[in-house]
């Protein structure tokens with residue numbers, strides 16, 4: 001019998017629109033011989049089921065069900081494809097854990113950890129993962145610009161600590177810009193990370209536990225026409241994404257081994273994408289995405305396709321892992 005799979009998309013962060021696109025791709029490619037897919041839009045006030053005629057129906061959050069054509073449908077699996085909050089910060093995972101509903105991807109703890117750049121870096125540094133020098137600031141906390149520059153240098157990056165798709169990220173070249181950029185980043189989150197600029201080759205590595213083996217699906221080199229790989233570069237075509245990356249075999253092995261190590265040490269599940277800056281033969285870890293984009297423009301599905309794995313096969317595997 002086919003399982004009723006709720007594809008959860010949307011959310012209430014700045015990444016909502018990207019999530020809706022990712023969710024649509026999943027919905028179009030899911031294996032309908034095995035699953036009955038349902039599009040569920042997650043909002044702050046309520047969750048809505050949207051059918052193929054764009055009719056909307058409220059989701060009953062008491063038992064995670066809907067009424068469609070006078071029939072009650074209970075969802076058996078939640079396919080989470082929400083970027084940002086509440087999909088990547090552990091909130092929605094906590095709900096499904098309370099309701100005892102199988103869901104895709106990482107558990108609530110790992111999701112929250114990987115979404116928090118500062119905490120994630122702190123854990124990985126203990127496992128000898130190279131990272132940039134960084135300085136952490138809380139909202140309403142006094143800070144000295146001189147101390148920050150002394151620690152990270154210029155230019156540097158100012159990042160909202162819990163944000164994705166480069167929202168709340170600024171490249172800073174001088175002392176005058178630094179305070180302004182920190183205040184802008186604090187509009188996205190109440191914690192800010194200031195990191196040293198690493199002048200090297202940026203790569204993105206797709207990793208997933210696929211058929212009982214943690215596998216690197218591809219290494220993509222990111223070359224942007226913009227100042228850095230920001231939202232515009234990621235989603236509006238102002239970049240080149242070269243897969244496989246134009247790096248040496250030694251560098252490929254270094255970054256592949258590190259990506260798998262990070263996946264294991266963080267207790268990841270499902271698909272993920274790790275970002276690095278390569279300087280000579282050192283790979284500096286930037287961040288990891290526990291629910292990477294799955295739009296037609298996204299990196300991970302392109303890497304999988306080059307590896308001979310379709311989006312339908314990815315969905316099959318991730319749903320299988322959620323239900324075992």
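The values are calculated or read from the model by the stated rules, or taken from the named source; none is laboratory data. Please read these numbers as outputs of a predicted model, since none were measured by experiment. We place every Cβ from the backbone using ideal geometry, glycine too, and count neighbours over all the protein chains shown.
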(request) Just give me the residues in the range 129-168 being touching a helix residue (DSSP H, G or I) at 6+ places or on another chain (Cβ under 9 Å), surrounded by 17 or more Cβ atoms within 10 Å (Cβ to Cβ) and part of a helix (DSSP H, G or I), in sequence order. (result) 148, 149
(message) Being outside any strand (DSSP E or B) and either at pLDDT 95 or above or surrounded by fewer than 18 Cβ atoms within 10 Å (Cβ to Cβ) (or both): is that true of residue 171 here?
(response) no
(request) With the condition kept exactly as written, say whether any residue in the range 13-22 is modelled with pLDDT under 95, farther than 26 Å from residue 310 by Cα and assigned to a loop (DSSP other than H, G, I, E, B). (result) yes
(message) Residues that are crowded, with 19+ Cβ neighbours inside 10 Å and either free of Cβ contacts under 8 Å to residues at least 12 places away in the same chain or in contact with a helix residue (DSSP H, G or I) (Cβ under 8 Å, 6 or more places away or on another chain) (or both): list the strands (runs of 3 or more DSSP E) wholly contained in the range 31-126 that include at least 3 such residues.
(response) 35-42, 77-80
(request) Out of 84, 90, report the one residue that is modelled with pLDDT under 95 and at positive phi. (result) 84
(request) Please find, among 280, 296, the residue that is over 18 Å from residue 81 (Cα atoms) and assigned by TED's automatic domain parsing to the domain that holds residue 118. (result) 280
